[in-house]
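The values are calculated or read from the model by the stated rules, or taken from the named source; none is laboratory data. Predicted model only: the values in this text are computed from it and were never measured. Methodologically, a virtual Cβ is constructed for each residue, glycine included, from the backbone with ideal geometry; neighbour enumeration extends over all protein chains shown.
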Amino acid sequence: MKNNTLIQIHELGQSVWLDFFDRKIMDTGKLKALIEEYAIGGITSNPSIFAKAIRSSSDYDEDIDAFSRQTSNDADIFYRLAVKDIRRAADLLKPIYERTSGEDGLVSLEVSPRLAHDAEGTIKQARELWGLVDRKNVMIKIPGTLEGLTAIRKCISEGININITLLFGLQRYLQVTSAYIAGLEDRIKAHKPIDRVISAASFFLSRIDAHSDPQLEEKGLGKFKGEVAIASAKMAYALYKTVFTREPFTALEARGAKRQHLLWASTSTKDPSFSDVKYVEGLIGKETINTITNETLEAFRDHGRAASHLEDGLTKAGVILTQMKKKGIDIDIIAQELEDEGIRKFDQAYDEILEAVKRKRLKQPI
C-alpha cells in the first residue's frame, strides 16, 4: 500500500480541498471516503464544475422536474439544485468544521459570474445564498474584482463567510486582505462577534504560467519558464505572514478573528512538459489550502512528495518578478487579463448551466 501523502500534507499544516463536486460523489460514498481516509478538508465548486455535473448525468433530472413545476426561471432552478447539494456536502464536512473551530471543513458556493462587476448585485445574491444554504461551514465565493472588494467588505461585516476567487496578482491580493480586515472592523463597530467569520483568498496558479511563459521566451527569460506562478505564490505567502502578524489584524485576532488563509487554486498542470503535481509539491506550507481535482489528487497520491517548500527560494522568487518587470513584462497587466479571461470562462460555464437546465426542463436532448 502506498504511503498516504495527502495525510502527510495535512500533517505539514496545509489543508487539501477537493476541486470537484457532484451528486454522484456523495451518493456513492466516495466523498465520505476521501474525507475519512485522505484528510480531504473541504470542497470548492464553481460554474464549470456544476455545468459538467448537470450536463453529463441524469442525477439532477428528478429535481429539475420538481422545481420546474414551481418556476420556469432556469437560474432559480439551478440555484435550488446547487443549494441542495451544498447543504448536503456541508453536513458531511461539519465534524471537521467543529473539530477545527471553523478553520476547515468548508464548502464554497459561487455567486453568478454575471455579477462580477456589480457590487450591489453581488451583495444581494451573497445574502440570499447564505440564507438559503443556512450552514455555518459554507463560504460564498465572490470574484476579486475591484467591484468585488466592496462586496467582500460588506459581506464580511454582515458575518457572511467569503471565499475570494480569481486572484492572480499581488496588488489585488493586498486589497483583498484590506477588505477582509475592514469588514471585521466594521463588524466590531456594530458590536457584533467576529470569531466565527471565515474567509479565504484563492490564488489561481497554473493559468499564470500558461499566460506568462510565451512572454518570457520572447523577452529572453526562458530560463524562468514555469516559475512565475509559484514565485507569485511565494511572495503572496510572505505578504500573508506580514499582514496577519501585525496591526491592525493582531488587534482583531486578540478578539477572536481568524486569519484569511491563502488558497491555491487552478493547481492542475496545463503544460504537459511540467510535472503533473508541480503545483501541489511546490506550494505546501502552513496555514494554506490547496484545492485539487480528482486527477491531480490521484497523481499526487501515486507519486507526489510531501514536503514544505513554500518558504524556500523567496529571494529567487523576487528576482524572477523583478527581471520580468525590467524586461517590460507587467505582472499586473497579466493578472488583469487573467481576471477578465476567468470571468469570461465562468460566464460561458454559467450559460451552459442555464442551457442544460432549460433543455432538461423542456425534455429536450442536450
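Observations
- Screening the candidates 307, 317 for the property of being touching a residue at least 40 places away in the same chain (Cβ under 8 Å) and either within 17 Å of residue 46 (Cα to Cα) or not in a helix (DSSP H, G or I) (or both) yields one hit, 307.
- Residue within region 303-321 that is buried (at least 22 other Cβ atoms within 10 Å of the Cβ) and within 17 Å of the chain's Cα centre (by Cα) present: no
- For region 254-269, the set of residues classified as surrounded by fewer than 17 Cβ atoms within 10 Å (Cβ to Cβ) and of a type in the set (D, E, K, R) consists of 255 only.
- Taking region 42-71 as the range and being farther than 25 Å from residue 166 by Cα and part of a helix (DSSP H, G or I) as the test, the residues that pass are 61, 62, 63, 64, 65, 66, 67, 68.
- Residue in region 148-162 that is among the β-branched types (Val, Ile, Thr), under 25 Å from residue 345 (Cα atoms) and in contact with a Pro (Cβ under 9 Å, 6 or more places away or on another chain) present: no
- Residues in region 106-140 that are in a loop (DSSP other than H, G, I, E, B), out of contact with any Asp or Glu (no Cβ under 6 Å at 6 or more places or on another chain) and closer than 19 Å to residue 150 by Cα: 111, 112, 116, 118.
- Residue that is nearest to the chain's Cα centre (by Cα) [pool: residues in region 49-82 that are among the hydroxyl-bearing types (Ser, Thr, Tyr) and surrounded by 17 or more Cβ atoms within 10 Å (Cβ to Cβ)]: 79
- Qualifying residue in region 109-123 (condition: at pLDDT below 95, closer than 30 Å to residue 36 by Cα and out of contact with any Gly (no Cβ under 6 Å at 6 or more places or on another chain)): no
- Residues that are closer than 22 Å to residue 102 by Cβ and either in a loop (DSSP other than H, G, I, E, B) or acidic (Asp, Glu) (or both), drawn from region 285-304: 285, 286, 287
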